[in-house]
């Protein structure tokens, strides 16, 4: 770890994914929100991850993470099998069907934070039970920026715990359907206004191939999705977005506190990171990502809304 | 008509729409692609329209068009009933179901061009039979810019006539599903490359609330949809986009030939015009649109992709 790098804490899932893609079946692919987000963020800064794996998890993934500057000491190795997700993508790679979800060791996950985790100035609370997300915040020494994800399962199943969490989150990153479900409002702009009253001063709404929208007190910012000639595997795109987003903010934190401008720039970096991720199966692209790859894609994305002279 | 204004020719449908919106039923609403596009373009420049209506069409619409600088002498009044479309929108105003289509006098429509139509430097060929679109081009005195729309009905039903037309079109404006159907390619970037090989040097792909993409030799340009707090009626949004798009190009033609920069700026104006249109039922908003309304919305759209200082 470099002394002048601002570390980020990432809490979330590590998993084996059985992927059925139009290009073939890819069983036992290493995945999970914390894995994608950590690989992504490690392109920008030092990362400390808190997660749980089973005794079937391969050590090579931990070694690859460590080689990229990810502290894996917070990854608990529990007795039992690793969280497993199986999904089949439609031919268009937009629709997907969950075939199987096995929580396994993730069912009893209790995040355990060491000193190096508690002191991180930025935390990404991946999509886990809102009570656990809150526990992580309780254990931390007052992070400067709390970024969180959630999903429909918690929105409908744990509305009160989620509401308590939202009051302590500055940036919420969800997709458009989740925003509609959380607010009960179809119109995305009014949904955003409603959700921002519940805590997060900044709401980011992911829209897959259509990019992402940011809502804050300054207004609305829209980043288009970069139209790729070939999308290989959308798995982990949202987590890679979040990792790139916090990674960029962390890499600028020494110079500048998060503000409407850095948040918008971070949107570009998150979008670029996600679009690199989906160019390969599983974490293959994001685990080898370097800043020049990200900067190149950011430049391509900028051309999407620049007027030529 | 002002002497220094560049007129545009618009050919398309004029109709009565029976609209079932979440906010209520609006039977006998004046609509049609030429109507929306003419109102939209008349905000920018002089418009000359070629279309057909039945003897049931109301003169007040023609008077309203004329008052906005639209020459209606090319609107043929045929014996019989005006083209009629009935549709029901879903609660989200995205999905819609066609309940009824009656071609009526539109079934035998043969565009008849007078001298004032033949000499227009810009023509918008609305969504009519590609053989008729070709006839219009044959009758014209070599327009500087040919912009066309089409739909799935012609893509599957008249592929050869459509192919012949595309060879003579510079700008094709279609939606993403039509682009996929026309090219047989799901990936939107490769679909665009395929379609551009068939004639149009510029392809605009409309994506509803997600905005629009432009593909040309310079690259890709993306305009986000403006997130409105309330969408009232999406009918005519695409036609208003096309009208605003050609209107902007015409208003700049004296200074500058259409080029990648003016095309991109015209995308902003088309998007702004469409987003004003959907704020009211039918043509209510677009028929009273003034440039300050459009400029105001363009400014709002620009903030969507500007980084604050």
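Taken together, the values in this text are just the output of simple stated rules run on the coordinates, not laboratory data. Note that the structure is a prediction, hence the values are computed from the model and not measured. When we count neighbours, we look across all protein chains shown, and the Cβ atoms used for this are built from the backbone with ideal geometry, even at glycine.
Suppose you put the label 7 Å out from Cα in the Cβ direction; list, shortest first and in nm with one decimal, how far residue A:26 is from each other copy's label.
Values, ascending and in nm: 4.7.
Using a label point 7 angstrom from Cα along Cα-to-C-beta, what distances in nm, from shortest up, separate residue B:97 from the other copies?
2.5
What percent do you get for the relative contact order of chain B when only Cα pairs under 8 Å and 6+ apart count? Could you put the intermediate results ahead of the total?
Working: 679 pairs, mean separation 55.5, N = 309.
Taking the mean separation of contacting Cα pairs over the length of chain B, I get 18 percent.
Sort A:269, B:89 so that the residue with the fewest other Cβ atoms within 10 Å of its own Cβ comes first and the one with the most comes last.
Numbers: A:269 29, B:89 19.
Arranged by neighbour count, lowest to highest, A:269, B:89 become B:89, A:269.
Rounded if a/c is under 1.5, else prolate if a/b is larger than b/c, else oblate: which is the range A:32-93, with a ≥ b ≥ c the root eigenvalues of its Cα gyration tensor? Display every interim value, and only then the final one.
Working: a/c = 2.43, a/b = 1.19, b/c = 2.04.
Oblate, since a/c reaches 1.5 and b/c is not below a/b.
Exposure proxy check: B:82, B:98 ranked by fewest other beta carbons within 10 Å? Write down the numbers at each step before the final one.
Values: B:82 25, B:98 9.
Listed from fewest to most nearby Cβ atoms, that is B:98, B:82.
Taking the label point as lying 7 angstrom from Cα along the Cα-to-Cβ axis, what are the distances from residue B:58 to the corresponding position in the remaining copies, in ascending order and in nanometres?
Reported distances to equivalent positions: 7.1 nm.
Please compute, for peptide A:55-62, the average count of beta-carbon atoms on other protein chains lying within 10 Å of each residue's beta-carbon.
Working: counts 0, 0, 0, 0, 0, 0, 0, 0.
Going residue by residue through A:55-62 and averaging, the value is 0.
Please list the equivalent ellipsoid semi-axes of the range B:8-298, computed as the square roots of five times the alpha-carbon gyration tensor eigenvalues, in descending order and whole angstrom.
Sorted largest first and rounded, they come to 25, 22, 20 Å.
Looking at the protein assembly as shown only, what percent of DSSP beta bridges run antiparallel? Nearest 5 please. Please list the in-between numbers first.
On the way: 42 of 104 bridges.
Within the protein assembly as shown, antiparallel bridges account for around 40 percent of the total.
Provide the percentage of antiparallel DSSP beta bridges, counting only those with both residues in chain A; round to the nearest 5. Write down the numbers at each step before the final one.
Working: 21 of 52 bridges.
Antiparallel bridges make up about 40 percent of those DSSP assigns within chain A.
Show that you can apply the helix-only estimate: for the protein assembly as shown, add -39,500 (n - 2.57) for every DSSP H stretch of four or more residues, divide by all residues, and state [θ] at 222 nm to the nearest 500. The partial results should precede the final answer.
Numbers: 22 runs with 222 residues, N = 618.
Using -39500 (n - 2.57) per qualifying helix, the result is -10500 deg cm²/dmol.
Once a ≥ b ≥ c are taken as the square roots of the eigenvalues of the Cα gyration tensor of the range A:158-276, is the result rounded (a/c under 1.5), prolate (a/b larger than b/c) or oblate (a/b not larger than b/c)? Show your work: numbers first, answer last.
Values: a/c = 1.71, a/b = 1.20, b/c = 1.42.
Judged from the Cα gyration tensor, the range A:158-276 comes out oblate (a/c at least 1.5, b/c at or above a/b).
Specify, per residue and in Å³, the volume enclosed by the convex hull of the alpha carbon atoms belonging to the protein assembly as shown.
Details: hull volume 91.0 nm³, N = 618.
For the protein assembly as shown, the hull spanned by Cα atoms encloses 147 Å³ per residue.
Averaged across the residues of A:214-227, what count of C-beta atoms belonging to other chains lies within 10 Å of each residue's C-beta? Intermediate values should be presented prior to the final figure.
Details: counts 1, 1, 1, 0, 2, 5, 8, 7, 12, 4, 11, 4, 3, 11.
If you average over the peptide's residues, the count of other-chain Cβ atoms is 5.
Using just the C-alpha positions of the range B:231-309 as equal point scatterers, what log10 of I(q)/I(0) does the Debye formula give at each q in 0.18 1/Å?
For the range B:231-309, the Cα-only Debye profile gives -0.72.
How high is the FRET efficiency from residue A:303 to residue B:131, r the C-beta distance, R0 25 Å, rounded to 0.05? Mind showing how you got there, number by number?
Working: r = 38 Å, r/R0 = 1.53.
The calculated FRET efficiency here is 0.05.
Please compute the average number of Cβ atoms from other chains found within 10 Å of each residue's Cβ in peptide B:259-268.
Across B:259-268, the average partner-chain Cβ count within 10 Å equals 2.
Over the range B:105-249, what is the percentage of antiparallel beta bridges among all DSSP beta bridges, to the nearest 5?
45
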